[in-house]
Amino acid sequence: MRAILHYLIAMVVIPFYGIRVCPFIETLTPLQVATPIIFVLSVQFLLRKPLIATFVEAAPLKRQVQRLFWLELGLFTISALIVMAYNEFFYGFPFLESGLKILFGLGGLGFFAASDIALEQERTVAEKVKREKITIDPDENYFPLTRKVALFSSVSIIALVGVFMLLVIKDLDWIIRAGATVTLKEAQASILKEFAFVLAVVLPHTLNIIRAYARNLNSILTNQTSVLSRVTLGHYDNHVPVASNDEFGVMAMHTNTMVDRIKDRTAELARTRDVTILSLATLAETRDNETGAHILRTQRYVRALATQLKDHPRFASVLDAETIDLLYKSAPLHDVGKVGIPDAILLKPGKLTDDEFTIMKTHASLGAEALEVAERELGSNSFMRYAREIAATHHEKWDGSGYPKGLSGDAIPISGRLMAVADVYDALISKRVYKPAFSHDKAMGILREGRGSHFDPDIIDALDAIEATFIDIANEFGDTAQAAE
């Protein structure tokens, strides 16, 4: 449609232009002027489709915009040469005085048409690249957008000034030939009308190209900004479409490389963090009379409970996917404070005395304090906050009778409340030197008895809904000689 519009405009404008700027063409009738122009442009329009299929669509994507521009400009130039030859052959019009004016006018309109159609093709290529997830490999010596804009601006100014000069020359010749038969007022009116005609043609074309450039540039920058905004939020799965063979294509390519490297480094850091956490947690467990599988089970219990509760009205605002993942990752550090408990107490096979139990209870504070030191060194972040909360509060009770601070109800962080259920359940179904392993049903009975006193009632209700999941986890990650019954 854009091509049709440009060709129709050329068919209307060029005859008027020729009459206005060329004294020779002015001697012809409007039909004589318009007929060869309309015929040549019609043939040109019919030829452009197969030519585009051959020279543009068959080319690589990064070449198509440039090829389409030169094809359109070349067709208009050839048409201008044909009209020049026609006028010279049939009417004897001189090449320099008449032919070049047609070449200048039709070539100028062709430049505007080629620029607009090429910019439209640039948008089409960009949409295809984005839709089909194709990547253009920009040339090392690409033609930069800055030079394209400078070239268009220069040509537009030259075209406008050139046409005005042709009009002035023609009008001066007309005034000299007319002599006293034309008044100054009539000459001024005629000249102003011609200038207005030129502005009415050139200015909309210029503004249209500026608008097209702006639209394409806005699309490029929007894609770039969108991806960078997501990167700042920690999302690395999007890429900027590399859709142009210029500096913006190169910028998009480097942006995508940067995003991939950040993604790889972030994943590497996350793996290092997870392995470090697991190592610390396992080290703490080796000093205890519990098994290493305890941390694997409890972190999965926490994740299962959190997932079950993520749509609950009380928890929906805090238990999103990212938070659930952080709770899962930080859960293994719940007993890291046990490294500060003396072996005589930590490994005692029998029941602890009151004094020994008082010392044992300090593991919650010791773990929280150690993690708080790490948090200060690393800077505040969600992972360290959840790890500290879990270490500090997983022995707090819903009714306020827990330790170390005697917190109650919602004053206990959700992380600590989830960990409390997971930790007690696993302790009950696991064999210890001071107790046998309880069955799943017995453990569930004890947990239900603690609903509203030891545990958050809604978390126990969530456990009731997914107790089969707990059984599966216990069996999959069971101790060598023990699995849930």
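Taken together, the values in this text are just the output of simple stated rules run on the coordinates, not laboratory data. The structure presented is a predicted model; accordingly, all values stated were derived computationally and were not measured. A quick note on method: Cβ atoms are made from the backbone with ideal geometry, for glycine too, and the neighbour counts reach across all protein chains shown.
Using C-alpha pairs below 8 Å separated by at least 6 residues, the relative contact order for the range 360-476 is 19 percent.
Potential lengthening of the chain between PHE24 and VAL275 amounts to 81.6 nm, from the contour at 0.36 nm per residue minus the alpha-carbon distance. Were the residues from ASP441 through LEU51 laid out at 0.36 nm apart, the gain over their Cα-Cα distance would be 132.5 nm.
List the residue ranges in the chain for DSSP H helices whose C-alpha atoms run 20 angstrom or more along the long axis and whose Kyte-Doolittle average is -0.5 or above.
2-21, 30-55, 61-91, 100-132, 145-178, 184-232, 247-286, 293-309, 354-378, 414-429
For the chain, the Kirkwood radius over C-alpha pairs fed into Stokes-Einstein at 4 °C and 1.567 mPa s yields D = 44 µm² per second. The lysines whose alpha-carbon is closer than 30 Å to the alpha-carbon of LYS133, local same-chain residues fewer than 8 away aside, are LYS49, LYS62, LYS148, LYS263.
Rounded to the nearest angstrom and listed largest first, the equivalent-ellipsoid semi-axes of the range 319-376 from its Cα gyration tensor are 28, 13, 9.
About its Cα centre, the chain has a charge dipole of approximately 1620 debye under the convention of +1 per Lys or Arg Cβ and -1 per Asp or Glu Cβ, with nothing else charged. Shown for VAL155, VAL21: other C-beta atoms within 10 Å of each C-beta, ranked fewest to most, produce the order VAL155, VAL21.
Extending 7 Å from Cα along the Cβ direction at ASN218 and again at ARG376 yields two label points whose distance is 5.2 nm. Placing one equal scatterer on every Cα of the range 2-232 and applying the Debye formula, the log10 ratio I(q)/I(0) at q = 0.15 Å⁻¹ is -1.04.
For the chain, relative contact order (Cα pairs under 8 Å, six or more residues apart, normalised by length) works out to 11 percent. In this Cβ point-charge picture (+1 for Lys and Arg, -1 for Asp and Glu), the range 287-476 has a dipole of about 360 debye about its Cα centre.
Note on the range 291-406: Rg/Rh from Cα positions, Kirkwood definition for Rh, rounded to two decimals, is 1.00. With r defined as the distance between the Cβ atoms of SER154 and LYS133 and R0 fixed at 51 Å, what FRET efficiency is calculated, to the nearest 0.05? Calculated transfer efficiency: 0.85.
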